[in-house]
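Beneath this line is the structure, given in structure tokens, with notes to follow.
The values are calculated or read from the model by the stated rules, or taken from the named source; none is laboratory data. These numbers come from a predicted model, not from an experiment. Don't worry about glycine lacking a Cβ; one is built from the backbone with ideal geometry, like all the others, and counts go over all protein chains shown. Side chains included, ligands, DNA and RNA excluded: accessible areas come from the protein's heavy atoms. Shrake-Rupley method; radii C 1.70, N 1.55, O 1.52, S 1.80 Å.
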Amino acid sequence: MATINKRFGATDGYIRVPGGSEIYIFGWVDLTGIPENEIFSYRGKAQLLGPLLEAKVGDEVYLTLTNLGMPVRPDLDDSHTIHWHGFPNQIPVWDGVPEASISVLVGRDFVYYYKPLAPGTYIYHCHFEPVEHIQMGMVGPLLVRPADYDPGNPAYKTAYGHGTGTEFDREYFIFLTELDTRAHQQIEAVQEYDWTDYKPDYWLNNGRSYPDTVEPSGALPYQPYSSLIRANSGDKVLLRFVNLGYQQHSIEILGVPLHVIGQDAQRPLGLNGENLSYRKNALYFAAGQTMDAIFTAPSAGTYPLFNRDYHKNVNAGTAPGGMVSEIQILAGSLPPQPGPGQ
Amino acid sequence: MIRNINLWVTDGYISIPDGNSIYIWGYTDAAGKRAQVPGPRIVVNQGDVVNISITNTLPEATSVVFPGQSGVTADTGSGPQPAGPKYDGGGNLVSLTDFADYPGNPGGNPPTITYTFTAHRPGTFIYESGTNPHKQVQMGLYGAIIVRPSDYDPAVPAKKTAYGENTHTEFDREYLVVVSEIDPVLHQAVEQGKDYKIRDFLPRYWTMNGRSAPDTMNSDNAGYMPNQPYGAMIMAEPDEKVLIRYAGGGIENHPLHPHGNHTRIVALDGSLLKNGTEDLSYKKFTVLVGAGQTYDQVFTWSGLGYNPSNPIPTVMPNLRNLGVGDAGWTMWSGSPYLGEKGDVPVGVTSFNQVGEYHFMVHSHEEMQITNWGEFPGGMMTMIAIFPTGTLGDAGTIEGLG
Ligand SMILES: [Cu+2]
Ligand SMILES: [Cu+2]
């Protein structure tokens, strides 16, 4: 069991949507290992999604949240928190709900401690005025490996542990959110926004809209995660779906049947261990749900991934856009995957 | 047993924490009382013959449908007949079931009607208007029915269950959370007799048991909310089995997420998730409560074993370096330990009683945890975990019947 020390900063910044517009966001930045006297230079460099947090069951995770403040909104002295969404048997002091424990003031640090109890796909997000802070971008992917995880041994390279039928060769996050650019513009301009008027005009997959979704990781400075899925024909591909928007979404991949082996970071198992996994062509998600699905990569070719709510595959009303991405299946030339989404 | 339940269909007002007062239609259990939201809880036993009589005082016809119940009859004075949809002379649907007319309608039906059914199976069910339901249910004409299994015995742990002995639905405590949403423009239009197009439906408030947060966390029968008698606070002790019954009373679907742990879904729409000996229950951390649907689930919080002699492995900063009471109040005790109290800043009101832990339960469509845009509010409450031995008698849900 390892001890993992991480430090995330909370600040603001800008992302890009196709067409060149810059959108004001709040978000996270990875400060792990950054010398104390350089931390200030990370203000205004929030990314969407936040850095991937990865741990094994039994690891001890010390996650320091540093509230760097908002350079674009210096008037805004909002606190922040980290809520590990779905973590079982949490205690309030690390649960990140300001109304039930504490929040982190501007210029302050706080250490959250987590010892993951169960494998699966989770989410972390800020829970301070969550309607604003989640929509503004304070969200990130979180995955917990089973205690026996061993990427060098195919029988132990699994989502939920050896013998659970969840072996995979490659894994990808599909992290769904939306963007109501009116809200982001109002907040950038120090205006009030009535959240009950929420009406998104961009739909994001890993923080990007198509065609940016299929650009490689690193192509967009503050949207580090590509949504492109690549595999060799015959590979077992694990898709870790997250919905952290405020809408319900239906994701479909033509020609690729999906085997759902996890929901909300749990294998679907009856009380006596009944295997309730199931097969789907379109996966339906409510806000705040996660799902793990495995498919066996079909013959070489390109398979589009899209939202079956077709009106969401647009950027400010123009198709194609939104959550559209691609599954690119190669004949066998792809080297082993170094890490999730890569 | 025969259960005779009398309901009056009338109007009233509910209060929202932002100061707004909303005109409603709803049910009440006595003549002359204002309507309440949701309607009175009805709690009966499996096998009971349930007679529900309504007296309509609204300016339009109304009715009650009982999704999940079979063999429902309706009696408007000439004897019970199978209840069924009503069509006008042109073949257009005017009501999903037999209705009580509005008082004084010339040539109309009487303003009273009695529905009868046998509660064949245990579970959580909804009752609601079947007449102009797009308007009447939104106005508040919905409520919940709990049917206890025939062998139910709250004094015997193995028989204090949602679905009967050996169904793995034992519980120590139970809670009912009926969710809905409110478009104040609809309610105002109905109050003023003005036209309203349901296609313009745009909710600004979201409710649990007819209340918006933080009122959801207040007790049952809180005096300042006479027409919202049911709290939505969930309270338990560590390791207890908490049966949480969700019911979708609105016209939209709401993803409810409890902090603290997953729930195990044991029944949908009053149907146990079992197929013979095969158990089909499953765990979730966010449940999409669909309109008209019910979810029975078991929640347990066991914790991580921290206490002052097994301290947490992090150092708590000085109080002045922490944000506490950002909303103007807090449920926090000031201590990371269950059953301990610590300091909270001067000027912050703590509603914490004995060092209990609070875990939020809320819609993850986050605009729904505001009151017309103001956080915190809406479809949000807490699960409070009290130190073992401090919470007292569990009690169970009581109601008409
Ligand atoms: Cu969450
Ligand atoms: Cu939450």
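Just one of the listed residues (A:Pro304, A:Pro320) is not hydroxyl-bearing (Ser, Thr, Tyr) and not in a strand (DSSP E or B), namely A:Pro320. If you go through segment B:240-272 and keep only what is more than 17 Å from B:Glu170 (Cβ to Cβ) and more than 14 Å from every other protein chain (Cβ to nearest Cβ), you end up with B:Ala247, B:Gly249, B:Gly250, B:Ile251, B:Asp269, B:Gly270, B:Ser271. Reported count of residues in segment B:350-376, each being more than 10 Å from every other protein chain (Cβ to nearest Cβ) and over 16 Å from B:Gly325 (Cβ atoms), is 4. If the condition is being within 14 Å of chain B (Cβ to nearest Cβ) and hydroxyl-bearing (Ser, Thr, Tyr), then segment A:15-72 contributes A:Tyr62, A:Thr64, A:Thr66. Of the residues A:Gly161, A:Gly234, A:Gly165, the single one that is crowded, with 16+ Cβ neighbours inside 10 Å, part of a loop (DSSP other than H, G, I, E, B) and on the phi > 0 side of the Ramachandran plot is A:Gly161. Evaluating B:Ser309 against the criteria (1) in contact (Cβ under 8 Å) with a residue 40 or more places away in the chain; (2) over 28 Å from A:Lys6 (Cβ atoms); (3) more than 7 Å from every other protein chain (Cβ to nearest Cβ) leaves one unmet condition, (1).
Conditions (1) more than 23 Å from A:Met136 (Cβ to Cβ); (2) out of contact with any Asp or Glu (no Cβ under 6 Å at 6 or more places or on another chain), marked per residue:
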position: A:Ser233; (1), (2): yes, yes
position: A:Lys236; (1), (2): yes, no
position: A:Leu239; (1), (2): yes, yes
position: A:Tyr246; (1), (2): no, no
position: A:His249; (1), (2): no, yes
position: A:Leu276; (1), (2): yes, yes
position: A:Lys280; (1), (2): yes, yes
position: A:Ile294; (1), (2): yes, yes
position: A:Tyr310; (1), (2): yes, yes
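If you filter segment A:116-156 down to residues that are more than 28 Å from A:Leu204 (Cβ to Cβ) and outside any loop (DSSP other than H, G, I, E, B), you find that the one that is least open to solvent (accessible area, probe 1.4 Å) is A:Ala155. A:Ile39 falls short on exactly one of the conditions (1) open to solvent by 50 Å² or more (accessible area, probe 1.4 Å); (2) part of a helix (DSSP H, G or I), and that condition is (1).
The residue list B:Gly392, B:Gly401, B:Gly347 contains one member that is closer than 27 Å to B:Glu128 by Cα and either facing chain A (nearest Cβ under 9 Å) or away from ligand 2 (no atom under 16 Å from the Cβ) (or both), which is B:Gly401.
Among the residues of segment B:203-232, the one identified as on the phi > 0 side of the Ramachandran plot and either at pLDDT below 95 or open to solvent by 30 Å² or more (accessible area, probe 1.4 Å) (or both) is B:Asn221.
Figure legend. Inter-residue proximity from segment A:84-101: first residues under 17 Å from B:Lys341 (Cα atoms) and at pLDDT 95 or above, second residues part of a helix (DSSP H, G or I) and within 15 Å of ligand 1 (Cβ to nearest atom), beta-carbon distance below 9 Å, spacing 6+ or different chains. Indicated pairs: A:Ala100/A:Pro92; A:Ser101/A:Pro92; A:Ser101/A:Trp94.
A residue that is away from ligand 1 (no atom under 16 Å from the Cβ), surrounded by 23 or more Cβ atoms within 10 Å (Cβ to Cβ) and under 24 Å from A:Pro119 (Cβ atoms) occurs somewhere in segment A:197-205. Within segment B:258-306, no residue satisfies the criterion of being open to solvent by less than 10 Å² (accessible area, probe 1.4 Å) and free of Cβ contacts under 8 Å to residues at least 12 places away in the same chain. For segment A:123-175, a residue qualifies if it is within 14 Å of another protein chain (Cβ to nearest Cβ) and more than 30 Å from B:Ser363 (Cα to Cα), but none of them does.
Out of B:Ala35, B:Ala30, which single residue is among the hydrophobic types (A, V, I, L, M, F, W, C), surrounded by fewer than 17 Cβ atoms within 10 Å (Cβ to Cβ) and within 23 Å of the chain's Cα centre (by Cα)?
Within the list B:Ala35, B:Ala30, the selection yields B:Ala30.
Taking the conditions (1) open to solvent by less than 20 Å² (accessible area, probe 1.4 Å); (2) more than 10 Å from chain B (Cβ to nearest Cβ) in turn, A:Asp75 satisfies each one other than (1).
Residue-wise test of (1) outside any strand (DSSP E or B); (2) under 28 Å from B:Gln297 (Cβ atoms); (3) open to solvent by 40 Å² or more (accessible area, probe 1.4 Å).
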position: B:Ile113; (1), (2), (3): no, no, no
position: B:Thr124; (1), (2), (3): no, yes, no
position: B:Thr131; (1), (2), (3): yes, no, no
position: B:Val147; (1), (2), (3): no, yes, no
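Here's the yes/no breakdown for (1) touching an Asp or Glu at 6+ places or on another chain (Cβ under 6 Å); (2) assigned to a loop (DSSP other than H, G, I, E, B):
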position: A:Pro18; (1), (2): yes, yes
position: A:Glu54; (1), (2): no, no
position: A:Met70; (1), (2): yes, yes
position: A:Arg73; (1), (2): no, yes
position: A:Val93; (1), (2): no, no
position: A:Ala100; (1), (2): no, yes
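For A:Val57, indicate whether it is within 16 Å of ligand 1 (Cβ to nearest atom) and under 22 Å from the mean Cα position of the chain (by Cα). Criteria not met by A:Val57. Going by the conditions given, is B:Pro317 away from ligand 2 (no atom under 16 Å from the Cβ) and facing chain A (nearest Cβ under 7 Å)? Yes: the conditions hold for B:Pro317. Inside segment A:94-115, can you point out the residues that are open to solvent by less than 10 Å² (accessible area, probe 1.4 Å), more than 17 Å from A:Ile4 (Cβ to Cβ) and either of a type in the set (S, T, N, Q) or more than 8 Å from chain B (Cβ to nearest Cβ) (or both)? Answer for segment A:94-115, where residues must be open to solvent by less than 10 Å² (accessible area, probe 1.4 Å), more than 17 Å from A:Ile4 (Cβ to Cβ) and either of a type in the set (S, T, N, Q) or more than 8 Å from chain B (Cβ to nearest Cβ) (or both): A:Gly96, A:Ser101, A:Ser103. Filtering segment A:8-42 to residues that are in contact (Cβ under 8 Å) with a residue 60 or more places away in the chain and within 12 Å of A:Leu63 (Cα to Cα) leaves only A:Phe8.
Once segment A:272-302 is narrowed to residues that are without any contact (Cβ under 8 Å) to a residue 40 or more places away in the chain and of a type in the set (Phe, Trp, Tyr), the residue that is farthest from the other protein chains (Cβ to nearest Cβ) is A:Tyr278.
Hey, among the residues in segment B:321-341 that are more than 9 Å from chain A (Cβ to nearest Cβ) and either in contact with a strand residue (DSSP E or B) (Cβ under 6 Å, 6 or more places away or on another chain) or exposed (fewer than 15 other Cβ atoms within 10 Å of the Cβ) (or both), which one's farthest from B:Ala236 (Cα to Cα)? Filtering first and then ranking leaves B:Gly328.
Can B:Ser309 be described as polar (S, T, N, Q) and touching a Pro at 6+ places or on another chain (Cβ under 8 Å)? It is false that B:Ser309 is polar (S, T, N, Q) and touching a Pro at 6+ places or on another chain (Cβ under 8 Å).
Matching residues to (1) open to solvent by less than 30 Å² (accessible area, probe 1.4 Å); (2) among the basic types (Lys, Arg); (3) within 14 Å of another protein chain (Cβ to nearest Cβ):
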site	(1), (2), (3)
A:Gly245	yes, no, yes
A:Gly262	yes, no, yes
A:Gly270	yes, no, yes
A:Pro304	no, no, no
A:Asn307	yes, no, no
A:Ser333	no, no, no
